[in-house]
1. Being without any contact (Cβ under 8 Å) to a residue 40 or more places away in the chain and not basic (Lys, Arg) is the requirement here; does residue 235 meet it?
2. Specify the residue that is surrounded by the most Cβ atoms within 10 Å (Cβ to Cβ); the eligible residues are those in segment 169-206 that are touching a residue at least 24 places away in the same chain (Cβ under 8 Å) and hydroxyl-bearing (Ser, Thr, Tyr).
3. I need every pair where a residue in segment 106-130 that is within 18 Å of residue 194 (Cα to Cα) has its Cβ under 7 Å from the Cβ of a residue that is open to solvent by 50 Å² or more (accessible area, probe 1.4 Å), sequence separation at least 6 or different chains.
4. Take the residues in segment 225-278 that are of a type outside the set (D, E, K, R) and at positive phi, then tell me which one is least open to solvent (accessible area, probe 1.4 Å).
5. How many residues does segment 118-168 contain that are within 22 Å of residue 24 (Cβ to Cβ), in a strand (DSSP E or B) and open to solvent by less than 10 Å² (accessible area, probe 1.4 Å)?
Amino acid sequence: MIATEKKPDAGSGATGALGPLIATYGKSRSFLFVGWFMAALFAGVGLFVLWLTTRIGPNFRFNGDVSLLYMVGFGSLALGIATALLFWRLAASQPTFQLFENGIHASGPDGGKVTLYRDLEDLYSFFYGGIGYRAAPGAPWTFIGSRIHRFAELSERLNSLQVKHRGEALHQQLRAGKPVIFRYFEDSVAQSKSMVATRNMDFPTFEMILSADQLQIGQKSIQIARISNIKTNLWTEKSSIIDVDGKVFHKIHPSSILSFALLHALIARQQQSLPTNA
C-alpha cells in the first residue's frame, strides 16, 4: 500500500466560487535584494571614481588622462542605474498567485486567470524547480517560476489542493465505473528539461488509463491491488512502479507524468477502497 496526502488549512478573504483565501505569493525578495545590491555596488564605484577626480592636486596625483576617470565613473554610475531598472522591470513582470480554497488566481501584466483545482488536469513539476499547469490539453500553460517568494510552500500547497479537490472528483468518477486519464511526456522530453528548463511544452503526450482496479500504460497493465510502491530515485531521475513481488512494472522520469502526485494519491485511495482492504 502507498501513502495518501494531507489537507491544507484555509485562510480568510473570498472571491466568489474560489472560497476563502489561503495565501498570496508574489515577487521574490531575495531576487530584488540581489538586483539592488548589484546596482548599488556599480553606482558606488562610479561615485567613488568621480569623487577621486575632485581630489586631484598636489596631495593626489594622477598621471593618466583624467577623462578616463570620468568615463569609468559615469559608466559605472550608468551601469548601476541600468541594473536597478532591469531588476525592477523583471520584478514588476513577475505574476502574483493567490491560492484560494477552491482554486488558484494568477495575475500579471497581461491580466488574470482563475483555475479551479477540480478542473486542473495537468500539473508539470520541473525537476529543478518551477511549475506549469493547465486546465485541459488544449488550454494554455500557466508557469510559476522558482524565483517566486516562498516557491517551495506554493508548490507543496498547489499539489496538495489539486490532490484534494480533483482527487475527489476523479475518485467519484472511478466509483461510477468510468476510467480516468493521466498524460505523460516521453522521458527524453523530461530529461531535456532537467538540463534546460524551457517553457516550451509543445510536445506530444501519451495516456495512462486508471480504472477502479487497474492501471494501464501503453500495452501493459497492472492490477491496483498488486502495486506495492512507487519509488523515486533523484540521483538516477527515475520513478519505478513496484509490484507486490518486488518487480518493476514500469520506469519513467519523475517529471514525465503530469499530475504525478495526484496519480500517486489516487492509486493509494483506490487501494484503500478495495474489498480485500476493507
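The values are calculated or read from the model by the stated rules, or taken from the named source; none is laboratory data. Only a predicted model underlies this, so the values are computations on that prediction, with no experimental measurement involved. A quick note on method: Cβ atoms are made from the backbone with ideal geometry, for glycine too, and the neighbour counts reach across all protein chains shown. Accessible surface is based on the protein model in full, side chains and every heavy atom, while ligands, DNA and RNA are left aside. Shrake-Rupley method; radii C 1.70, N 1.55, O 1.52, S 1.80 Å.
1. Details: without any contact (Cβ under 8 Å) to a residue 40 or more places away in the chain: yes; not basic (Lys, Arg): yes.
Against the criterion (without any contact (Cβ under 8 Å) to a residue 40 or more places away in the chain and not basic (Lys, Arg)), residue 235 qualifies.
2. Let us first name the residues in segment 169-206 that are touching a residue at least 24 places away in the same chain (Cβ under 8 Å), namely 169-171, 174-175, 177, 179-187, 189-191, 193-194, 197, 199, 201, 205.
Filter again for hydroxyl-bearing (Ser, Thr, Tyr), leaving 184, 194, 205.
On the way: 184: 22, 194: 14, 205: 16.
This residue is 184.
3. Pairs found: 126/197; 128/197; 129/146; 130/146; 130/197.
4. The initial filter retains those residues of segment 225-278 that are of a type outside the set (D, E, K, R), namely 225, 227-230, 232-236, 239-242, 244, 246, 248-250, 252-268, 270-278.
Applying the additional criterion that residues be at positive phi yields 246, 259.
Values: 246: 55, 259: 2 Å².
Step by step, filter segment 225-278, then rank; the result is 259.
5. 5
Quick grid of which residues meet (1) at pLDDT 80 or above; (2) in contact with a Lys or Arg (Cβ under 9 Å, 6 or more places away or on another chain); (3) part of a helix (DSSP H, G or I):
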site	(1), (2), (3)
21	yes, no, no
24	yes, no, no
41	yes, no, yes
50	yes, no, yes
70	yes, no, yes
77	yes, no, yes
82	yes, no, yes
88	no, no, yes
